[in-house]
Amino acid sequence: MKLNRRNVLLGSTALALGSMIAPAFAQNNQVFVLASVNDMVHFDPHIGSDIQTTFLMRNVYDALVSVESNPPVIKPRLATEWTTSDDGLTYTFKLDASAKFHDGTPVTSADVKYSFERLARIGRGNSWMVAGIVGPDGIDTPDDHTVVFTLMTPFAAFIQLLPWLVVVNSALVEANIGDDDGQTFLRAGVAGSGPFELARFEPGSQFLFQRVADDWHKGGGNLSAIVYKVTRESATQRLMIERGEAHFATNLGLTDVKAIDGKPGVDLVIERDFTTFLMRMNPKHGPLADVNMRKALSYALDYDAMKDVGGYHGMLSGPLPEGIFGFNPDQEVYRKDMAKAREHLAMSSNPEGGVTIVMTYTDTSELQRQCALILADSLRELNIELDIRPTRWADLVEMVKTPETSPDIASINQGASYADPDNMSYAAYHSSRNGQWQNPNYENLAVDNLIQEGRAQLDTDTRLAIYSEFQRLVVEDAPDLFGFNYSQMFAMRDNVSGYEFCPVGSASIDCFPLSIN
């Protein structure tokens, strides 16, 4: 396997960072230490879509555009400008002629085309975003700095998803292609054009990213490097921030947020995100295949108790998070009403209750566990028992592949990959996604049709009406117990400037604008 000299091999050939490197770097005025619970197991932006891969997309790689600010705004990145045809089918992008990869070679339209085609071939990561939208012959490169996309169907959210479809150095990947489209190569090295490049790493511990010496990006902060420190415990992250051993912590629990509030030298970031917590009911198998039973649970749940344990988190009022385009603030939603709960139970196939419902939650989430206990207490009033089962996330993903193996209720955190209701609606409620953790079993033809209309409709007012009706139908069908609209809770040292919260990919910090003062 060939390796560019800038890339670093796994194992003993990599210079170990050592347990003291993060504290030491925290004293360096230009080295930013980020504490995160999420480990990096590869550096391939086309096979993942998790928080750590998104961090790579934002800092080590580039896309045609980026998403920034709150509310989210699309801004130029590799592309300096773009135009859209009146029919919404053709998008033309002009690339920045100064853009170059870490090895100094220019970023060209051929690299863009190669990257989209590689993503489609591999069929992982964010490939689902453009499946059925960009076809195999849908990308033209009339010159080195022009890329033309011809979509298979109009797609209103096309620009919104582009920040997560990043461009790799095609020559470097091809030189290390192997028999898996370069995936082995990109598990231990990078092929990006972003402002930071991988320097050293110790899997499971910490990763060092250095600012590219001759970086082509304009502006930005004064960081010379990033230490990405894998830190599993919220309390440890809090102590690192308090002691000045880290500049930013992304996974603080409510207890530690309260403990660090008001500490000298520390700023809290508490902002409403587009991430949601849903208790997804199984509408195809078991007792919750009965819509009246689902509504009985929806009216029985003690939402006030949920709100108490949720702390800074808001409560959902339907399938879309507050603040995203199309959210209907007037949507009626279930709240505790035992008279209505008993009314629907009486109309169900188990009018006296007397059933046991199996609920899973991710075994690493204390908040999900507390919500399960609240639901269990609520259902006892209906003579319904809740069998609560902590589950490894990987096991849950396997369980939900069929209705028969799915639990009656699965606890799910659903994030927004792009700032458009198509993301939440298509991934979580379109029947083509059945068998995936985002939508294990929900299927409603009328909802499918609305989702398809919403993504193909270009008129803003018409889209608003479509998504309002989408929310109404989903709430009426009661496939979920609607839980939290999460707030992110971060802490950072007060000598960090340039940070701006963005509710899309919020836990994957964009370090380029940051400075340490």
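The values are calculated or read from the model by the stated rules, or taken from the named source; none is laboratory data. Just so it is clear, the model here is predicted, and its values are computed rather than measured. Reconstructed Cβ throughout: ideal geometry from the backbone, glycine too, with neighbour counts over all protein chains shown. All accessible areas refer to the heavy atoms of the entire protein, side chains included, with ligands and DNA or RNA removed. Shrake-Rupley method; radii C 1.70, N 1.55, O 1.52, S 1.80 Å.
Please go through segment 457-480 and pick out each residue that is in contact with a helix residue (DSSP H, G or I) (Cβ under 9 Å, 6 or more places away or on another chain), over 30 Å from I270 (Cβ atoms) and either in a strand (DSSP E or B) or among the basic types (K, R) (or both).
If the condition is that a residue be in contact with a helix residue (DSSP H, G or I) (Cβ under 9 Å, 6 or more places away or on another chain), over 30 Å from I270 (Cβ atoms) and either in a strand (DSSP E or B) or among the basic types (K, R) (or both), then R463 is the only one that fits.
Before we move on, is A246 among the aliphatic types (A, V, I, L, M), touching a residue at least 12 places away in the same chain (Cβ under 8 Å), open to solvent by 10 Å² or more (accessible area, probe 1.4 Å) and under 26 Å from S365 (Cβ atoms)?
It is false that A246 is among the aliphatic types (A, V, I, L, M), touching a residue at least 12 places away in the same chain (Cβ under 8 Å), open to solvent by 10 Å² or more (accessible area, probe 1.4 Å) and under 26 Å from S365 (Cβ atoms).
Of all residues in segment 332-360 being open to solvent by less than 30 Å² (accessible area, probe 1.4 Å) and polar (S, T, N, Q), which is farthest from the chain's Cα centre (by Cα)?
S348
From the residues in segment 37-52 that are open to solvent by 40 Å² or more (accessible area, probe 1.4 Å), in a loop (DSSP other than H, G, I, E, B) and among the aliphatic types (A, V, I, L, M), which one is nearest to V227 (Cα to Cα)?
Here the residue is V37.
For A120, are the conditions met, namely being closer than 27 Å to A456 by Cβ and either modelled with pLDDT of 95 or more or surrounded by fewer than 22 Cβ atoms within 10 Å (Cβ to Cβ) (or both)?
When the stated conditions are applied, A120 passes them.
Hey, can you tell me all the residues within segment 481-512 that are assigned to a strand (DSSP E or B) and aromatic (F, W, Y)?
Across segment 481-512, the qualifying residues are F482, F484, Y486, F490.
Any residue at all in segment 294-315 that is farther than 23 Å from Y361 by Cβ and in contact (Cβ under 8 Å) with a residue 60 or more places away in the chain?
For segment 294-315, residues farther than 23 Å from Y361 by Cβ and in contact (Cβ under 8 Å) with a residue 60 or more places away in the chain: absent.
Go through (1) of a type outside the set (A, V, I, L, M, F, W, C); (2) over 16 Å from the mean Cα position of the chain (by Cα); (3) crowded, with 18+ Cβ neighbours inside 10 Å for T141 and report which single condition fails.
The failed condition is (3).
Consider segment 227-269. How many of its residues are among the hydroxyl-bearing types (S, T, Y) and within 16 Å of D494 (Cα to Cα)?
So the count comes out to 1.
A quick yes/no check of all residues on (1) under 22 Å from I226 (Cα atoms); (2) part of a loop (DSSP other than H, G, I, E, B); (3) of a type in the set (D, E); (4) open to solvent by 40 Å² or more (accessible area, probe 1.4 Å):
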site: T54; (1), (2), (3), (4): yes, no, no, no
site: R58; (1), (2), (3), (4): yes, no, no, no
site: N70; (1), (2), (3), (4): no, yes, no, yes
site: T83; (1), (2), (3), (4): no, no, no, yes
site: T92; (1), (2), (3), (4): no, no, no, no
site: H102; (1), (2), (3), (4): yes, yes, no, no
site: A110; (1), (2), (3), (4): no, no, no, yes
site: Y114; (1), (2), (3), (4): no, no, no, no
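If you go through segment 241-264, how many residues are within 19 Å of F32 (Cβ to Cβ) and of a type in the set (K, R)?
Residues in segment 241-264 being within 19 Å of F32 (Cβ to Cβ) and of a type in the set (K, R): 1 in total.
Can you name the residue in segment 364-399 that is of a type outside the set (A, V, I, L, M) and assigned to a strand (DSSP E or B) and is also least open to solvent (accessible area, probe 1.4 Å) among such residues?
Ranking the qualifying residues of segment 364-399, first place goes to T391.
Among the residues of segment 420-431, are any in contact (Cβ under 8 Å) with a residue 12 or more places away in the chain, of a type in the set (S, T, N, Q), surrounded by fewer than 22 Cβ atoms within 10 Å (Cβ to Cβ) and assigned to a loop (DSSP other than H, G, I, E, B)?
No, every residue in segment 420-431 fails to be in contact (Cβ under 8 Å) with a residue 12 or more places away in the chain, of a type in the set (S, T, N, Q), surrounded by fewer than 22 Cβ atoms within 10 Å (Cβ to Cβ) and assigned to a loop (DSSP other than H, G, I, E, B).
Which number in (1) open to solvent by less than 60 Å² (accessible area, probe 1.4 Å); (2) assigned to a helix (DSSP H, G or I) marks the one condition that D308 misses?
Every condition holds for D308 apart from (1).
Restricting to segment 476-498, give me the number of residues that are closer than 12 Å to T250 by Cβ and in contact with a Cys (Cβ under 9 Å, 6 or more places away or on another chain).
Going through segment 476-498 one residue at a time, the tally reaches 0.
What number goes with the only condition from (1) open to solvent by 10 Å² or more (accessible area, probe 1.4 Å); (2) touching a helix residue (DSSP H, G or I) at 6+ places or on another chain (Cβ under 8 Å); (3) closer than 22 Å to T460 by Cα; (4) in a loop (DSSP other than H, G, I, E, B) that M152 does not pass?
(2)
Out of curiosity, is M359 in contact with a Gly (Cβ under 8 Å, 6 or more places away or on another chain), farther than 23 Å from L473 by Cα and in contact (Cβ under 8 Å) with a residue 60 or more places away in the chain?
The answer is no for M359.
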